[in-house]
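The values are calculated or read from the model by the stated rules, or taken from the named source; none is laboratory data. Note that the coordinates shown come from a computational prediction; the quantities given were computed from them, not determined experimentally. Heads up, the Cβs are rebuilt from the backbone with ideal geometry, glycines too, and the neighbour counts pull from every protein chain shown. We work out accessible area using only protein heavy atoms, side chains counted, and drop any ligands, DNA or RNA first. Shrake-Rupley method; radii C 1.70, N 1.55, O 1.52, S 1.80 Å.
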Amino acid sequence: MRDTTSAAPHTSATPLLQTVGLTKRYGSFLANDKIDLDVWPQQIHALLGENGAGKSTLVKAIYGLVQPSDGGLRWEGQTMVLSGPSQARARGIGMVFQHFSLFENLTVAENVALGLDGKESFKEMSARLQQVSRSYGLPLDPKREVWQLSVGERQRIEIVRALMQNPKFLILDEPTAVLTPQEADQLFVVLERLKSEGRAILYISHKLEEVRRLCDTATILRGGKKVSTCNPKAETAASLARMMVGTEIKQVKPAASREITVPRLVINDLNLEPEDPHGVHLRDISMELRGGEILGIAGVAGNGQDELFAALSGERLARDPGTIVIEGIAAGHLSISRRRKLGAAFVPEERLGHGTAPRMRLSENALLTGHAAGNMVQHGFVNTAATLNAVDRATETFDVRKAKRDPEAASLSGGNLQKFIVGREILRNPAVLVVSQPTWGVDAGAAAVIRQALLDLAAAGAAVLVTSQDLDELIEISDRIAVMFHGRLSASLPTAEASREKLGLLMGGSSLETKEQAHAADT
Amino acid sequence: MQLILEKRAERSKTVALASPLIAIGLTIVTMTILFMVLGKNPISALYVYFIVPLADGYSLQEIAVKATPLVMIAIGLSLCYLANAWNIGAEGQFLMGAVAGSWIAVKTQGTGAGHWVLPAMLLLGALAGALYALIPAICKVRFGASEILTSLMLVYVVDLLLDYLVRGPWRDPQGFNFPTTAEFDPVATVPTLIEGGRLHLGSILALVVVAAGAVLLGKTIKGFEIRVVGAAPRAARFGGFNANQLILLTFAISGALSGLAGIIEVAGPVGHLQPGISPGYGFTAIIVAFLGRLNPIGILIAGLFLALTFIGGEQAQITMKIPLDVTKVFQGILLFYVLACDSLILYRFRIVSSSPQVARGAH
Ligand SMILES: Nc1ncnc2c1ncn2[C@@H]1O[C@H](COP(=O)(O)OP(=O)(O)OP(=O)(O)O)[C@@H](O)[C@H]1O
Ligand SMILES: [Mg+2]
């Protein structure tokens, strides 16, 4: 065998990792179909593809979480069979999952310790944690408890945990989906550094511009098959997208004119203390949303968006009924089912475990929010045909790709489950739709479909409230944008006036009033 | 080398079906060893336990009679467990149903009361069981008290109440000072199905309960609520399902079924109220519920199987002088293996070498 210990990794003549005809079958469905992939040391390799193309399945196979049905893996030229992630880690393969696996009530160091296989003492480990995190410019305080940390900081824990195993090969599954642009930039610096150290990185993302900036090679999957490997820097975002989808992506087009009608969702001076000690106190929130309008709520995650969603949906009840008015009816004290009967619909941010019960079928998950109104329940009995029909309609309208007609929610790819959840609510023809992160982890083509559906819903007369981390998305579809900061909601700006700078200031907590006044004095 | 428990990537369907069978197999292996330690021939012991009771009509009836309370109680318990509400006190609810129903029997004794007596007893037994089960449920919902502890402790309360009643106010004056009520009147007795046999109407009721459980869980919105609230509490809340209400509901149903089983047992096979009317049906039913995978049909099969061990245990005591407590040991070991095998659906064992650096170095 080649002497791998003395040779500098980037001069090696074999790829670090290869998948050879890798195939993964779920029943008769091919999630991965004979995929050949070579990843070399000192390379940032992008893995692109539509929702359900098989990206996560492929990297899970590389990390030993999924057993290939056919074909296999080679590591430094040698055949490699993994029966579990600990074996992958032992070889030097690290992975950062899209959904974090952290315990909220434990400290950073404790969380890291739980994810390591080594035998070092807790003290040694904490010291090494601090040293690794400092040397990569990913500052972390080992003694902080996770609940106090932002999403970006939480992801840092996952990355540092992976780096502490000193991996030769690092997999990142949609790491920037939840990051602010600034946090993403910081991440790219770290990734460049890891690359310069000779490590290989396999990088999954739906954000094509960042792929073009960062990655050296891109492999594109479509329907479980590899369609090409190319140099992303030589492509445009549009040409990459075309390869992923096979056709051109439709542009979102807002209806020429929308009729603004009656107030459909009104919040009057809502104050709500948090339910758990880790939450945000909502203070003095007021707004009015009329039929035909889309209001965007921007803000860094963790500034009260979740609490506002819970208050609007009725998962948290307000003491004073008048604080939330849906379709002209005081609803602050009404349960979520009663609010649904008034014509409201809700899409939460977390799709597994909140928006759906992961281990239940899609038809049962259609029933989860559909039972309150409509014909899914008759005299206490479930009308199975109606629930299946709801699944079929969402599947057709939003092109949900799945292995069979009615699978468990957890078996859908992230983006496809998101399409199902959004579709499930939109197809109920709500008068008010409150939606969080509508296109979180959804590919460009599907994101356009979802945004178009929101615009069409508003055009049909509904009031739509969208919370998103993605400013471009808010600017693309909203009529007005407001910002949440420390549990307060700013006054809304017409989108035409909402420049990125102004929104950035508001998101950082400064008030626009002084500027606005100055502006007013000018004119 | 080191044995570790590792999460499976995908939940294994085969193991899910095979798990109860594996558990039974492991239990039998353990029992074989135990019989050998006790100095009994394991082959003939197992034969007496599992085959002999199946061989004659009387024992078969007896199996159905024993399975009746087990299945009824376990159906109720499965609803609780699916909803993540841990009712451990079915034994107490069973006894409470027996006591409350017997009250009518005792009070109407010899008064020539009509055919309303038995239905009234069944209703009151179920109602009393439900109310008794609601005590821990309310404590849980209202004060956050652990329902596991409170429901279990209430078993001992009603046990003593029953003891007091049959030794004091309700004791049969002609009973030679035995702690028992008088034999119930015919109108207060559950009719048998076969002339001179042991099989009684309660077994039919148990089948109705199984069918009702299957319909409730599989076809109704309430059953769906129960399943979601246990499987994904946050999604259930998003769906508009009230977890506290469901705790109260499942405890009430479970208590009612236990109470019903209790009064049927007293008014049927036993025929009067006395201490020791239950060989631990309420506890054994917990095993039945899990062995049956919290599924009504599974519970029916598991109930019959555990009833078999009761009968087999009696046989073994008579013919081989194996202590009756061995049956309890058997049931305990079975529960242990059932729960252990269940974790294999989501986890698997793997042996790893103690050095984490397997990949390094030249091969
Ligand atoms: N356990 C499973 N059982 C059945 N089908 C599955 C399972 N896991 C994944 N699939 C199917 O395999 C396909 C590929 O899924 P995968 O998660 O790899 O997609 P992806 O490319 O990561 O998509 P996304 O961008 O939406 O995350 C999907 O259509 C999914 O329904
Ligand atoms: Mg994925």
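Assorted remarks:
- Counted charge near residue A:279, where neighbours are those whose Cβ lies closer than 11 Å (Asp, Glu -1; Lys, Arg +1): -4
- Top positive-direction residue, dipole computed over segment B:89-230 with Cβ charges, set B:114, B:131, B:92: B:131
- At least 50 Å² accessible surface lost relative to isolated chain, residues of segment A:352-369 (1.4 Å probe): A:354, A:359, A:360, A:368
- Each Lys or Arg adds one and each Asp or Glu takes one away; over the other residues whose Cβ falls under 13 Å from the Cβ of residue B:242, this sums to +1.
- Here the accessible area is traced with a 1.4 Å probe on the protein chains. For the protein assembly as shown, carbon and sulfur cover 59 percent of it.
- Student exercise, segment B:124-178 dipole from Lys, Arg, Asp, Glu Cβ charges, in Debye to nearest 20: 140 debye
- Between the residues A:345, A:254, A:332, the greatest Cα displacement towards the positive end of the dipole of segment A:242-391, with unit charges on the Cβ of Lys, Arg, Asp and Glu, is found for A:254.
- For residue A:338, solvent-accessible area (1.4 Å; no DNA, RNA or ligand), Å²: 130 Å²
- Nearest-0.05 FRET efficiency for residue A:128 and residue A:100, computed from C-beta distance (R0 25 Å): 0.75
- The label point for residue A:182 and the one for residue A:234, both projected 7 Å from the Cα toward the Cβ, are 3.8 nm apart.
- Take every DSSP beta bridge whose two residues both sit in the protein assembly as shown; close to 55 percent of them are antiparallel.
- Distance from the Cα centroid of segment B:177-245 to that of segment A:303-381 is 32 Å (rounded to whole angstrom).
- Extension reserve of the residue B:304-residue B:183 stretch, reckoned as 0.36 nm per residue once the Cα distance is removed: 40.7 nm
- When the alpha carbon coordinates of segment A:386-476 are projected onto the principal axes, the ranges are 36, 26, 17 Å, largest first.
- Convex hull volume per residue in cubic angstrom - Cα atoms of chain A: 170 Å³
- Counting only the Cα atoms, the protein assembly as shown fills a convex hull of 208 Å³ per residue.
- Cα-based convex hull, segment A:115-257, per residue volume (Å³, whole number): 164 Å³
- Counted charge near residue A:264, where neighbours are those whose Cβ lies closer than 10 Å (Asp, Glu -1; Lys, Arg +1): -2
- Solvent-accessible area of residue A:76 with every protein chain in place, 1.4 Å probe, in Å² to the nearest 10: 50 Å²
- Given R0 = 45 Å, the distance between the Cβ atoms of residue B:347 and residue B:215 translates into a calculated FRET efficiency of 0.85.
- Buried surface for the B/A pair, taken as the accessible area of each chain alone minus that of the pair with a 1.4 Å probe, is close to 2900 Å² in total.
- Each Lys and Arg contributes +1 and each Asp and Glu -1, all at the Cβ; summed about the Cα centre of chain A, the dipole is approximately 1480 debye.
- Shielding by partners - mean other protein chain Cβ count within 10 Å, residues of A:86-95: 3
- Using θ = phi - 60° in the Karplus curve 6.51 cos²θ - 1.76 cosθ + 1.60, the 3J(HN,Hα) couplings for segment A:169-178 round to 9, 10, 10, 10, 9, 6, x, 9, 4, 10 Hz; x is entered for Gly and Pro.
- Contact order normalised by residue count of chain A, Cα under 8 Å, 6+ apart, percent: 15 percent
- This model, with +1 at the C-beta of Lys and Arg and -1 at the C-beta of Asp and Glu, gives segment A:455-508 a dipole about its Cα centre of some 320 debye.
- For residue A:56, the solvent-accessible surface with a 1.4 Å probe is about 40 Å², rounded to the nearest 10.
- Relative contact order of segment B:181-233, pairs being alpha-carbon contacts under 8 Å that are 6 or more residues apart, as %: 15 percent
- The count of lysine pairs in segment A:161-296 that are at least 8 places apart or cross chains, and whose C-alpha atoms lie under 17 Å apart, stands at 4.
- Helical content of chain B, expressed as a calculated mean residue ellipticity at 222 nm, amounts to -22500 deg cm²/dmol (DSSP H runs of 4 or more residues, -39,500 (n - 2.57) each, divided by residue number, nearest 500).
- Average other protein chain Cβ within 10 Å of Cβ, residues B:224-232: 5
- Computed FRET value (nearest 0.05) for residue B:174 with residue A:338, which takes r as the C-beta separation and R₀ as 56 Å: 0.35
- In terms of overall dimensions, the C-alpha atoms belonging to chain B reach 94, 58, 34 Å along their principal axes, ordered largest to smallest.
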